[in-house]
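The block underneath contains the structure these notes are about, expressed in C-alpha cells.
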Amino acid sequence: MSTSVRVLEPEGMIDSVGGNQLRREVADLLDAGIETILLDFQNITFMDSSGLGAMVATLQAVRAKGATLYLCSLNDQLKIILEMTKMDKIFTILPDRAAFDLAIES
C-alpha cells in the first residue's frame, strides 16, 4: 500500500461526537499529505443525521484537497441512510477492503 494511502477504522457510532472525531482524523491525514483515504465501517453500529452531516463535511474537505475518499463495509443501517438521502450517489462505496485494494491498484 502506498504511503499516500491510509485506512481509518472508526468504531461505535457516527453521531455528533463520533462524526467530529472522524472529521479531525481525516483532516490530520489530509494535512499530512495523504491522497487516498478509506473509511472501513465494519465496526460502526449506527449513524444519525449529525453523523451524516459530518460525513458530507469530510467528503468536502477531502475533495478540496484534491484527495479521494472511499467507504467500505457498510452495515444495512448505513446503506439505508445513504440510499434514502441519495448520498450513495455522492460517496464512493465499496463492499469491502479487498475491493478497495483492487480499486487503488488499477
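The values are calculated or read from the model by the stated rules, or taken from the named source; none is laboratory data. Note that the structure is a prediction, hence the values are computed from the model and not measured. With ideal geometry, Cβ positions are generated from the backbone for all residues, glycine too; neighbour counts draw on all protein chains shown. Please note that ligands, DNA and RNA were not included when accessible areas were found on the heavy atoms of the full protein model with its side chains. Shrake-Rupley method; radii C 1.70, N 1.55, O 1.52, S 1.80 Å.
Which of the following residues is open to solvent by 20 Å² or more (accessible area, probe 1.4 Å) and among the aliphatic types (A, V, I, L, M): Ile81, Ile37, Ile44? Show your work before the answer.
On the way: Ile37 fails: open to solvent by 20 Å² or more (accessible area, probe 1.4 Å); Ile44 fails: open to solvent by 20 Å² or more (accessible area, probe 1.4 Å).
Just a single option satisfies the conditions, and that option is Ile81.
Restricted to region 1-26, and to residues that are more than 21 Å from Thr68 (Cα to Cα) and part of a strand (DSSP E or B), which residue is most open to solvent (accessible area, probe 1.4 Å)?
Only one residue fits best here, namely Glu11.
Looking at Ala98, is it at pLDDT 95 or above, in a helix (DSSP H, G or I), surrounded by 12 or more Cβ atoms within 10 Å (Cβ to Cβ) and not polar (S, T, N, Q)? Before the answer, list the steps.
Numbers: at pLDDT 95 or above: yes; in a helix (DSSP H, G or I): yes; surrounded by 12 or more Cβ atoms within 10 Å (Cβ to Cβ): no; not polar (S, T, N, Q): yes.
When the stated conditions are applied, Ala98 does not pass them.
Here's a check for you: in region 62-106, which residue that is aromatic (Phe, Trp, Tyr) and free of Cβ contacts under 8 Å to residues at least 60 places away in the same chain is nearest to Leu52 (Cα to Cα)? Reasoning before the result, please.
Taking region 62-106 as the starting set, the residues that turn out to be aromatic (Phe, Trp, Tyr) are 70, 91, 100.
Next, from what is left, pick out any that are free of Cβ contacts under 8 Å to residues at least 60 places away in the same chain: 70, 91.
Numbers: Tyr70: 15, Phe91: 11 Å.
Result: Phe91.
Go through region 17-55 and report how many residues are over 22 Å from Lys86 (Cβ atoms), of a type outside the set (Val, Ile, Thr) and out of contact with any Leu (no Cβ under 8 Å at 6 or more places or on another chain).
Of the residues in that region, 13 qualify.
Any idea which of (1) open to solvent by less than 60 Å² (accessible area, probe 1.4 Å); (2) touching a residue at least 24 places away in the same chain (Cβ under 8 Å) is the one Leu29 doesn't satisfy?
Looking at each condition in turn, Leu29 falls short on (2).
Quick one: what pairs do we get from region 32-57, first residue in a helix (DSSP H, G or I) and modelled with pLDDT of 95 or more, second open to solvent by 30 Å² or more (accessible area, probe 1.4 Å) and acidic (Asp, Glu), C-beta under 7 Å, 6+ apart or different chains?
Listed pairs, sorted by first residue: Ser50/Asp15; Gly51/Asp15.
Within the bounds of region 61-72, is there any residue that is touching an Asp or Glu at 6+ places or on another chain (Cβ under 8 Å), assigned to a helix (DSSP H, G or I), modelled with pLDDT of 95 or more and hydroxyl-bearing (Ser, Thr, Tyr)?
No, every residue in region 61-72 fails to be touching an Asp or Glu at 6+ places or on another chain (Cβ under 8 Å), assigned to a helix (DSSP H, G or I), modelled with pLDDT of 95 or more and hydroxyl-bearing (Ser, Thr, Tyr).
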